Amino acid sequence: MQNFQVVDISAWQEKLNWQKLKANNIQGVIIKIGEYAHLDEMFILHVNNAVTYNLPYGIYYYAHASTIDKAIAEANWVDKQIKTYLNGQNPPLGIWYDAEDKSILKNNINVAYMIGNFINQLNELDYNYVGLYSSYNWLTNIIDLNLLADYIPIWSAQYYHENSFKLEYPNRICKIWQYTDHKQIDDMILDCNIYYCLLYTSPSPRDLSTS
């Protein structure tokens with residue numbers, strides 16, 4: 001399968017035109033599930049719309065954990081939401097740990113330990129597609145990648161340039177490249193990403209508003 005484009009969305013995108021997304025060759029969405037153990041206000045509606053418009057979706061959690069125990073607690077919270085709202089199913093575009101907030105660094109523990117434990121916890125709970133989102137700067141200067149297993153998929157953000165991370169780390173699984181935070185799609189401005197060679201199954205049709 002060829003590479004294709006996905007957008008990542010959250011409560012900031014209140015009035016998405018899903019028909020226009022599809023008309024402009026957007027082939028998937030990655031939806032914020034929450035942060036600080038609070039469900040994103042638009043999560044349920046975004047998932048329902050993704051299913052309605054037959055767009056495969058993934059989810060991401062915005063991390064704040066500054067200790068290993070807190071990272072495991074974040075993973076357990078994500079697991080609880082998936083069981084509550086997604087019937088415990090793996091989102092076809094994966095579960096992503098968004099590690100970019102400076103609050104993670106306050107205890108002077110390398111963020112790789114929090115990332116690894118978040119991912120390991122979800123893997124142990126039988127989610128088979130859990131990865132890391134971060135900027136090129138964090139991936140190359142802040143996160144010690146040597147502490148992370150090489151099977152962990154990476155979603156790298158680097159705007160208006162080539163995907164340097166994919167070129168410089170050929171032994172890492174660079175699954176997604178966020179190449180802009182300012183993609184104009186009709187009257188919408190969105191983060192846009194290249195998803196590399198994805199194989200997925202369509203999400204099952206389920207109306208989450210009644211959950």
Has region 37-59 got at least one residue that is more than 21 Å from Ile119 (Cβ to Cβ), free of Cβ contacts under 8 Å to residues at least 24 places away in the same chain and not in a strand (DSSP E or B)? no
Say whether the condition of being more than 17 Å from the chain's Cα centre (by Cα) and not in a helix (DSSP H, G or I) is met by at least one residue in region 119-128. yes
Any chance Ala73 is of a type in the set (Gly, Ala, Ser), more than 28 Å from Thr180 (Cα to Cα) and part of a helix (DSSP H, G or I): yes
Mind telling me which of the residues Gly88, Gly116 ends up being in a helix (DSSP H, G or I) and under 28 Å from Gln5 (Cα atoms)? Gly116
Output the residues belonging to region 176-199 that are farther than 18 Å from Ile9 by Cβ and surrounded by 12 or more Cβ atoms within 10 Å (Cβ to Cβ). Tyr196
Which numbered condition Thr84 fails, given (1) open to solvent by 40 Å² or more (accessible area, probe 1.4 Å); (2) closer than 17 Å to Glu124 by Cβ; (3) of a type outside the set (Phe, Trp, Tyr): (2)
Count, please, the residues in region 60-70 that happen to be under 15 Å from the mean Cα position of the chain (by Cα) and part of a helix (DSSP H, G or I). 0
Tell me, yes or no, whether region 158-171 has at least one residue that is open to solvent by 10 Å² or more (accessible area, probe 1.4 Å), assigned to a strand (DSSP E or B) and under 21 Å from Tyr62 (Cβ atoms). no
When region 1-36 is checked residue by residue, the ones that are touching a residue at least 24 places away in the same chain (Cβ under 8 Å), charged (D, E, K, R) and surrounded by fewer than 20 Cβ atoms within 10 Å (Cβ to Cβ) are Glu14, Lys20, Lys22, Glu35
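Okay, residues lined up against (1) modelled with pLDDT under 95; (2) more than 27 Å from Cys192 (Cβ to Cβ); (3) surrounded by 17 or more Cβ atoms within 10 Å (Cβ to Cβ):
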position: Lys80; (1), (2), (3): no, yes, no
position: Tyr97; (1), (2), (3): no, no, yes
position: Asp101; (1), (2), (3): no, no, no
position: Asn108; (1), (2), (3): yes, yes, no
position: Met114; (1), (2), (3): no, yes, yes
position: Leu132; (1), (2), (3): no, no, yes
position: Ser135; (1), (2), (3): no, no, yes
position: Asn141; (1), (2), (3): no, no, no
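The values are calculated or read from the model by the stated rules, or taken from the named source; none is laboratory data. The structure presented is a predicted model; accordingly, all values stated were derived computationally and were not measured. Don't worry about glycine lacking a Cβ; one is built from the backbone with ideal geometry, like all the others, and counts go over all protein chains shown. Heavy atoms of the whole protein, side chains included, go into the accessibility calculation; ligands, DNA and RNA do not. Shrake-Rupley method; radii C 1.70, N 1.55, O 1.52, S 1.80 Å.
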